[in-house]
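The values are calculated or read from the model by the stated rules, or taken from the named source; none is laboratory data. Everything numeric in this text was worked out from a predicted model, so none of it was measured. We place every Cβ from the backbone using ideal geometry, glycine too, and count neighbours over all the protein chains shown. Surface areas here come from the heavy atoms of the whole protein model, side chains and all, with no ligands, DNA or RNA. Shrake-Rupley method; radii C 1.70, N 1.55, O 1.52, S 1.80 Å.
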Amino acid sequence: MRLHHIKYWVCALLLTTLVTACKEDEVTLGEGSVQLRVSVSDHVAVVSRAVDSDIYASMQTRIYSSKGLIRYYDAETPIPTTLNLASGAYHAFVLAGDSVPAAFNKPYYTGSTDFTVRGGETTSANVTCTVANTLATVAFDPSLDEVVSNYKVKIFTTSGELYFTQATVDSVGYYLFDNKEHNLAWTFEGEKLDGRSYTQSGVVENVSRATRYDFTFNFDPESAVTGGTFIDVKVNESTVDSTHNVVITQRPQIVGDKFNLSEPLYYETNNGSETSLWINAATRLKRAWISCDKLTALGFPADSVDLLGNDRDLIAGFQARGISCQHTYQEEKDLSNAKITLADGFVKSLPSDEYTFTIQAVDMSGKDNTATLSIVVSDAIVVTEEPERASIWARRATLLGTLVKATSEPLSFQYRQTGTDSWTSVPATLSGSSLSAEVTGLTPGVTYEYQAVAGSQASVKTATFTTESATALPNSSFENWQTLSKVMVLYGPGEEMFWDSGNHGSATMDKNVTSPDETYKHSGRYSVKLKSQFVGLGNWIGKFAAGNLFAGQYLRTDGTDGVLSFGRPFTSRPTKLKGYIKYNPGTVDYSSTSELAKGATDIGSIYIAIGDWSEPIEIRTKDKKLFDKNDEKIIAYGEWDLTGETQGTDGGLLEFEIPLDYRSLDRIPSYLVLVASASKYGDYFTGSSGSTMWIDDLELIYE
């Protein structure tokens, strides 16, 4: 069976940025730059097809140094025009699309490259993203209808499946394989004319990524007469080796006429000017809506209108007051252009205020787009800007503003809790026309408002933000316990589980490696005691188990190994983990790794991570699928390895703090991972049966 290996290049939407070397807390070799170009390349289609530009909206770019992930960009945080980097070696990784096991018409692309930033030099770095899927199509020969009805084909892997029917026969199936799987299986299902069901299956072995497998199913009367299968399955045997152009179909584009829509327009009272924007579409436009919640107060017949709609009287009412639209459709090119204009007289008449116009465009193919035009009318010297979400922490925030005209007046911000009367003022820092100030000492989980100020004149615009919650760790003093089927668990009756341990595995041998203890504690009645030990029958059937504690859940036991779920939902950003600890390490008497040999002193471990994972992390000790502290999803990380006995002073426990090192300041977490172990290499069944750790009063610190 010969397979299609068809190649073509998608030359589309080159993403270019200038990366400049700078000093980043280290000695550099001077300044340099790199041009990073990202494009998408396809290697699989038989004929040219349209690639929706939404694939680029899903594009994610990660840049790594020797320290790990240092930059992350996506549709919400695009790569800036100038990207400052220290001189050195870097790795760029780009992905786009849907990374699902199986889906119709949803490709997934990946690509990467290494580049080096050198002082005084410019380097070109190109990332070509290629399709990572294996593709499948199905064709049904009309001869099938002579012998079978209600037929369908399932093409599947161990992790995903798709059904091809008459309704989906024109679709392309995209499959993602892991490194262990290489087969694409199929099953034909239908009903014979006598009403009996018919099934036939097969497997295509050793399939390749970026390769399309075309299945054709037809009736084979000769084989049926001789007693064989009467459904014949073939793969097109022709080899195609050609290059195809790809049409980029985009939703309507909305752009400002000689201004950037992403930035507000600032006009002094009675001194505005005509303002226009363009809607450009790759086919005929169907609708062009404009709306603003202040239009009726300004004398308009409504707050919104479809300028391409059928309500001619409403459109005429908008035109009479200064909002109009000129639409041109080029039938021979199937292109549309619509110019929406806010007349000079209308803009000049706007009272001091902030006006937000929402523009929505829909074309005849159903593609749509929405944009916002913001106009600020004021005699103020400065204008308040909305804060960036990532700059809002639990106890601090960065306030933003813009200087709209030169002044010798002192620049500042004033802020207060929403609903209160008294303002607090802080000086502003001016960079170009941008104002900023960091305010500290805020209250977590509270909404604030602020204004930019020049002298005594405040901006007419007031921006608001809500500080992050200072989320605490549940049952962090480990006072609440119960025993369920011999397993000691770290939550009381009626409470939700937050912490878990390896007790679910060790309790099968009537041992709990994690338990409450009154011997050493900082407050309350208990601390949590993590006791490493051999768990089994005598000293010969069983395994070494580390005393452990983690935020998550013990899922199940696989043989003598555990399957765990690390992480609990979490959206706050602490700066430290604080707690009280006592650690007595023993001499390693069980070792299955070269990291720690028998006879060495055991090592205790505590680590904490927050990241933007989409789900908890599954840990499998049997397959050594363990937590990776270099995971690109980690936003902040901190760890402490205890290499000796602690010298406690407070009830025998030592106060400790683990700082969180933030690898990204522009991402918001979704999960928290926190793990403590009396034997760091317990996942490798390595450690000392004499190692014990006590922990009490864990606390997240917010600054």
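Taking just the C-alpha trace of the stretch 85-213, give me its Rg and Dmax in Å.
Gyration radius and largest Cα-Cα distance of the stretch 85-213: 21.2, 80 Å.
How far is the Cα center of the stretch 431-508 from the Cα center of the stretch 324-371, in Å?
42 Å
Would you mind checking the radius of gyration and Dmax of the stretch 373-422 based on alpha-carbon positions, in Å?
Computed over the Cα atoms of the stretch 373-422, radius of gyration and Dmax are 13.2, 34 Å.
Rounded to the nearest whole Å³, what is the per residue volume of the convex hull around the Cα atoms of the stretch 448-514?
Once divided by residue count, the hull of the stretch 448-514 is 141 Å³.
Please give the per residue volume of the convex hull enclosing the alpha carbon atoms of the stretch 590-668, rounded to a whole number of Å³. Display every interim value, and only then the final one.
Working: hull volume 12.0 nm³, N = 79.
Looking at the stretch 590-668, the number lands at 151 Å³ per residue.
On average, how much area does the Cα convex hull of the stretch 314-451 cover when viewed from any direction, in nm²?
Values: hull surface 53.1 nm².
With every direction weighted equally, the projected area is 13.3 nm².
Can you give me the three principal axis dimensions of the stretch 630-694 from its C-alpha atoms, in Å, biggest first?
42, 32, 17
So how exposed is Asp178, as accessible area in Å² (1.4 Å probe, rounded to 10)?
Surface open to solvent at Asp178 totals about 90 Å².
Could you sort 590-598, 88-96 so that the peptide with the highest average Cβ count within 10 Å comes first and the rest follow in order? If you can, show how the numbers build up before the last one.
Working: 590-598: 14.4, 88-96: 18.3.
With the highest mean Cβ count within 10 Å placed first, the list reads 88-96, 590-598.
For the stretch 413-559, what is the convex hull (Cα atoms) projected area averaged across all directions, in square nanometres? Could you put the intermediate results ahead of the total?
Details: hull surface 63.1 nm².
Convex hull of Cα atoms, orientation-averaged projection: 15.8 nm².
Cα atoms only, the stretch 535-659: Rg and Dmax in Å?
Considering the stretch 535-659 through its Cα atoms, Rg and Dmax are 16.6, 46 Å.
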